[in-house]
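The values are calculated or read from the model by the stated rules, or taken from the named source; none is laboratory data. Just so you know, these numbers come straight off a predicted model, no measurement behind them. Because the Cβ atoms are built from the backbone with ideal geometry, glycine has one as well, and the counts that use them run over all protein chains shown. Ligands, DNA and RNA are excluded from the accessible area calculation, which covers all protein heavy atoms including side chains. Shrake-Rupley method; radii C 1.70, N 1.55, O 1.52, S 1.80 Å.
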Amino acid sequence: LVMMQYRRGYSSAFAESLLKALDNAAEINPTFMGCVPRLYEKVFAVANERAAAAGGVKHRLFKWATAVGQAKQGGWGRYWADRLVLSKIRARFGSRLRFAISGGAPLAKELAEWFDGAGLLVLEAYGLTETTGGTTMNSMAEHRFGTVGKPLPGIEVKIAADGEVLVKGPTVMRGYWQHEEATREVLDPDGWFHTGDIGDFDPEGFLRITDRKKDIIVTAGGKNVSPQN
C-alpha cells in the first residue's frame, strides 16, 4: 500500500497503534484501509458485547438489524436497519470508507459476511515478505468470502502436487541475503517460490489457504490431513 501510492497518487496515514486505529480512522476519514483480522474481530466482539449489555429492545434491535443486513433485504426493513444500527457500525471506520483490506492472518468467512451485511466490504488478501507483499487479492468487482482472491496482474500462482502454493513473478525475491542454502530451499531452478502454505483454487479461480505444509499430517493410508485453519 505504501509503495503503490507513488504510482496511484494517494496519501497514506499510519495508525498510532492497533488499539487506536479506529480513533485515527475517525480523524482522517480514509477511503480505504488495510489491517490484520484482529481489528475486525475486535469491532465485531465489542459491538455484540455492547448490544448484549444493553439488553431488552436494544439487543433485539441489534440482532434484527444485522440479520436484515446479512440477508441483503431491501425496502423499509433495510432502511431502518441501516439508520438505527448498521450505519453506526460503519461510522467506526470514518465517513468515507469504500472498502477495507484484511491480511497477515486468516479472516473468518462469517466475519467478512457480517461486515458486508453492515455495508462494509472487507477484502481478504494474501502475500509474504518474500513476494513483496500482495500476491492474491479479492477486489470490489470480484470477490469470494473465505478466499484470498485471485493472483494480481503479472503474478503466477500454482498448486504443487503436495498441495503447496507456489508463486512466480517480478515481485518474488532474488534470494535471502547471504543465505544461499536457505534460498535454494524455497526457490527452485524455474523461479517458483515455495511458500510453505497449503491451498487450492475454487472453480472460479479464487485461492484458498488451508494450512501450513509443515503441519500436514500424513496418515498410514497416505492421506494428507490439514489439522488447522
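Per-residue extension of 0.36 nm, minus the Cα-Cα distance of A54 and S226, leaves a gain of 57.9 nm for this segment. Considering only beta bridges that DSSP places wholly inside the chain, some 75 percent are antiparallel.
Listed options for Cα extents along the principal axes in Å are (i) 66, 46, 39; (ii) 57, 51, 36; (iii) 62, 50, 30. The value calculated from this structure is the one marked (iii). For the chain, modelled as a GNM whose springs connect Cα atoms under 10 angstrom apart, the maximal fluctuation among W177, W192, W80 occurs at W177. For F32, the residues 5 or more places off, or on other chains, whose built amide H falls under 5 Å of its own are R98. Springs between Cα atoms under 10 Å define the GNM used for the chain, and in it the highest mean-square fluctuation of S87, S12, S95 occurs at S12.
Cα extents for the range 1-136 along the principal axes, largest to smallest and rounded to whole angstrom: 50, 29, 28.
Where a Cα-Cα gap under 18 Å defines reach, which aspartates and glutamates qualify for K88, not counting those fewer than 8 residues away within the same chain? Filter leaves D23, E27, E41, E49, E113, D116. Karplus-derived 3J(HN,Hα) values for the range 38-46, using 6.51 cos²θ - 1.76 cosθ + 1.60 with θ = phi - 60°, are 4, 5, 5, 5, 5, 4, 4, 5, 5 Hz; glycine and proline are entered as x.
Accessible area ranking (1.4 Å probe, heavy atoms, ligands and nucleic acids excluded), largest first, for F201, F99: F201, F99.
Ranked by the mean number of other Cβ atoms within 10 Å of their residues, highest first, the peptides 67-77, 21-31 come out as 21-31, 67-77. For the pair the range 26-70 and the range 84-111, the centres of their Cα atoms are 9 angstrom apart. Partners of K213 within straight-line reach, counting lysines whose Cα lies under 23 Å from its Cα and excluding those fewer than 8 residues away in the same chain: K109, K150, K158, K168, K223. For the options M137, M33, M173, a Gaussian network treatment of the chain with springs between C-alpha atoms closer than 10 Å singles out M173 as fluctuating the most. Computed on protein heavy atoms with a 1.4 Å probe, the accessible areas place Y6, Y79, Y176 in the order Y6, Y79, Y176, largest first. Residue by residue, the range 179-185 carries 3J(HN,Hα) couplings of 9, 5, 5, 5, 5, 5, 6 Hz when phi is fed to the Karplus relation 6.51 cos²θ - 1.76 cosθ + 1.60 (θ = phi - 60°); x denotes Gly or Pro. For the chain, the Cβ-based charge dipole about the Cα centre amounts to some 1280 debye (Lys, Arg positive; Asp, Glu negative; other atoms uncharged).
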